[in-house]
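The values are calculated or read from the model by the stated rules, or taken from the named source; none is laboratory data. Keep in mind that what you see is a predicted model, and the values were worked out from it rather than measured. Virtual Cβ from ideal backbone geometry, glycine too; neighbours counted across all protein chains shown. Heavy atoms of the whole protein, side chains included, go into the accessibility calculation; ligands, DNA and RNA do not. Shrake-Rupley method; radii C 1.70, N 1.55, O 1.52, S 1.80 Å.
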Amino acid sequence: MTRLLLYNVSRLDVLNLNETSDLDPQFSEGAKSVIMLLISLLVMVTVFGNILVMVAFIVDKNLRTQSNFFLLNLAICDFCIGAFVAPLYVLYLLTGKWMLGKHICKLWLITDYSMSTASAFNIVLISYDRFLCVTKALLYRSVQKRHGQTALKMASIWVASFLLYSPAILFWESIFGKKEMVESECMPAFSDSWYFFLGTSIFDFLIPLISISYFNLSIYRNISKRSKKKRQQSAPPSSAVGENHGKPPYIIATTLVLSTDHMKNFILLRKKVKKSLSQRFQTKDTSQTDNVSNTYNKHVLQLSRDKKVAKSLTILVCIFAMCWAPITFLISVRTACRGYCIPSYWYDITVWILYTNSAINPILYPLCHKRFRKAFSIILHLKKRNS
């Protein structure tokens with residue numbers, strides 16, 4: 001999000017400089033080349049990765065499930081950041097001026113703040129969806145076919161993210177009075193209001209971070225309990241025959257004396273009976289063992305899948321915190337000390353760290369799904385064949 005001055009000077013100094021001369025670029029030609037190379041690579045990865053996710057929904061109809069629609073919603077937000085917000089910020093950053101007029105400035109600020117916030121809200125929604133999938137499987141299956149609820153959840157993300165910042169961007173000056181600002185600047189009128197940033201940071205960073213952390217912790221606890229319960233109730237079935245069923249039938253001793261021929265016939269008959277009973281018990285044991293084995297394997301497979309979900313959520317929490325915490329912290333400090341306590345280039349760095357989250361999301365979410373990887377391979381194969 002663009003929440004910074006590009007120069008570490010006061011607003012009055014900027015106005016005085018603007019009256020006498022244009023602002024000099026703050027980067028050398030060599031630094032500009034390096035910055036352009038790195039940022040261009042980031043923008044390309046962001047745009048290409050999120051386009052791939054959106055095209056996958058067109059190619060593979062099997063992807064059109066509730067959880068995957070949430071991934072599509074996230075991809076749209078991140079695509080807007082990579083295709084519109086980030087390129088304009090590069091131009092603003094390297095020239096030190098806003099040269100596209102006031103109306104484009106407002107549109108850029110609204111898109112920047114709204115899309116970044118919507119991206120964070122979508123991550124919360126995806127985490128909640130996975131939380132239901134693991135901890136409340138029956139409820140999750142019942143809501144899978146309710147497409148109206150899915151559309152409502154997706155729409156609520158856009159509405160909430162728009163309402164958090166856009167009214168302030170559009171109407172702050174009308175309500176609280178116009179601020180003195182040069183034409184070469186493009187920043188929201190509430191940029192010096194620490195209380196506004198404090199309040200909005202609770203909604204676009206603190207609450208999402210607590211939410212996805214809670215969902216991740218709940219999934220881990222659920223998996224741990226289930227694993228412990230399964231270990232106590234059952235162990236992996238062995239191929240050995242059971243203690244009672246595998247034993248041959250007992251031979252009852254008698255005092256009856258048989259002749260030699262009768263004895264031979266009796267011995268042969270006893271062997272046949274013994275063999276028949278052994279086969280019968282062995283078949284029964286094998287069937288029971290297979291059933292237990294299949295049940296056990298299903299539980300093991302489900303727990304393995306749930307563990308993968310929990311691990312991916314852990315990575316999600318860490319990356320979300322690393323991308324959002326720096327800019328949230330610096331903005332809070334900046335508004336408290338009026339922009340004098342931290343050099344301006346640190347804000348530029350934290351802004352691009354935040355934008356990096358939009359490039360990582362297509363890798364962190366869809367590429368970790370087998371169905372998405374299959375759809376991506378189909379898309380790339382069709383592209384190679386057409387070319």
Once phi for every residue in region 342-355 is put through the Karplus expression 6.51 cos²θ - 1.76 cosθ + 1.60 (θ = phi - 60°), the whole-Hz ³J(HN,Hα) values, with Gly and Pro written as x, are 9, x, 5, 5, 5, 5, 4, 5, 5, 4, 6, 5, 5, 5
When every protein chain stays in place and a 1.4 Å probe is rolled, HIS103, HIS369 sorted by accessible area with the largest first are HIS103, HIS369
So, with points 7 Å from each Cα along the Cβ direction, the PHE84-ALA321 label distance in nm works out to 3.3
For the pair HIS147 and ILE175, the simple spin-label estimate (label points 7 Å beyond Cα toward Cβ) gives in nm 3.9
When every protein chain stays in place and a 1.4 Å probe is rolled, VAL55, VAL134 sorted by accessible area with the largest first are VAL55, VAL134
At R0 = 45 Å the Cβ-Cβ FRET efficiency linking ILE342 and SER224, nearest 0.05, sits at 0.60
Stretched fully, the stretch from LEU138 through TRP194 gains (0.36 nm per residue minus C-alpha distance, one decimal, in nm) 15.6 nm
Ignoring ligands and nucleic acids, TRP352 exposes an accessible area, probe 1.4 Å, in Å² to the nearest 10, of 30
Full extension between LEU380 and LYS32 adds, at 0.36 nm per residue less the Cα distance, a length in nm of 121.9 nm
By accessible area (1.4 Å), largest first, GLU173, GLU29 order as GLU29, GLU173
Reported to the nearest 10 Å², LYS374 has, with a 1.4 Å probe, an accessible area equal to 130
Once all protein chains are kept in place, MET36 shows an accessible area at probe 1.4 Å, nearest 10 Å², of 80
Residue span ARG371 to SER40: 0.36 nm per residue of separation minus Cα-Cα distance leaves a gain in nm of 116.2 nm
